[in-house]
Amino acid sequence: MSADLHALRFLLLIFAGWVNRHQQQVIEYLVEENRVLKEQMGRRRVRLTDDQRRRLAAKANGLGRQTLEQIATLVTPDTLIRWYRRLIALKWTYEGEVERRGVLQEIRRLIVLMAKENAGWGYRRIQGALKNLGHRVARSTVAKVLQENGLKPAPERRSSWKTFLKAHWGQVAGMDFFTTEVWTPRGLVTYYVLFVLDLKSRRVHFAGVTPNPDECFMAQVARNLIDVVDGFLSGHRLLILDRDTKFTAQFKRILKEAGVRIVEIPYQAPNCNAHAERFVLSIKSECLGRLILFGERHLERAIREYAAHYHRERNHQGIENELIEAADLAGVGGVQCRERLGSLLKYYHRAA
């Protein structure tokens, strides 16, 4: 039995020696292969990413300096040890700092967002809202973040224009003028086009076209807009205007007596009536800016055709890229093209 055990141990030693020699041959081959690759690269420096340095350092840490001096070919053993200390030993501290920094940035963003969207929320109210989201912050932190972003405390902080519009959505309309040049027997004449836009539906109404928007013209426009049968402002309680002197005192008085509140935007602040400004850009770039207009009738016809196209055939990004007046039933036939103003305006649809 003892002889058999000695024989088994002898065989194991022989096998272990063979495995060690085989592993050494593999290592020597890989080392030589790395040297050949390095020679092929010449003097070009090997550029490694942080992830590659981390992987090499992790493998080198268990080998020891003596072994590294025999097999390391890309960098020196000292470099590998330094990488390990910097990228491995400090890994968890680094990741913790990154995570904490990201949470702090998220908290700051939420504080500013809540303050801007809720003018009446004080420090405590914002602190409570953050607690609902799993963030526990001090009242002084909320105050400091608001101060750094130029936001005043709740009693002094005003509601944003965007919040105002959302609160009255469906009851707000915007009004504005735009001008266009028309050739007449008297030469080139500037015409003023007055329009009203419902902010929620994007529906537009052309209130009047004239080369002279005087007080009588504006008074008649006001009466038409508040008509109980088909007045465009019926059902609207707010009308956004700029401070143009063409909006006369009589015009405003007629609207106010009908229950329409006038909201005048600040001077040189067209963004406060941005929906109306965007419509002006649309009608000029898509229609009037591409026509030579001869006479008032030509202008009125172009406006009517564009209004029909705008409501029934033009998709609007502000209402999820839909049509204002979508057809009840979509066709299933071949694709057809409806043209207006000599193919200036086109609408593709399927035949019924």
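Summing charges over neighbours of Ala269, with a neighbour being any other residue whose Cβ is under 11 Å away from its Cβ, gives -2 when K and R count +1 and D and E count -1.
Each of Leu113, Leu56 was scored by other Cβ atoms within 10 Å of its Cβ. Arranged with the fewest first, they read Leu113, Leu56. Pairs spanning more than 30 Å between alpha-carbon atoms, out of Lys200/Lys346; Lys116/Lys346; Lys246/Lys284: Lys116/Lys346. In this structure, the amide hydrogen of Asp176, modeled 1.01 Å from its nitrogen in the peptide plane, lies closer than 5 angstrom to those of Phe195, counting only residues at least 5 positions away or on a different chain. Listing Thr245, Thr141 from fewest to most neighbouring C-beta atoms within 10 Å gives Thr245, Thr141. Per-residue Cβ neighbour counts within 10 Å put Leu133, Leu146, Leu104 in the sequence Leu133, Leu104, Leu146, beginning with the fewest.
The stretch between Arg223 and Arg253 holds 9.7 nm of extra length on full extension. This uses 0.36 nm per residue minus the Cα-Cα distance. Inter-label distance, Arg278 to Arg314: 1.2 nm, where each label sits 7 Å from its Cα along the C-beta direction.
Computed from the coordinates by the stated procedures, all read-outs in this text should not be read as laboratory data. As the structure is a prediction and not an experimental result, all values here were calculated from the model. Here Cβ is always computed from backbone atoms with ideal geometry, including for glycine, and neighbour counts include all displayed protein chains.
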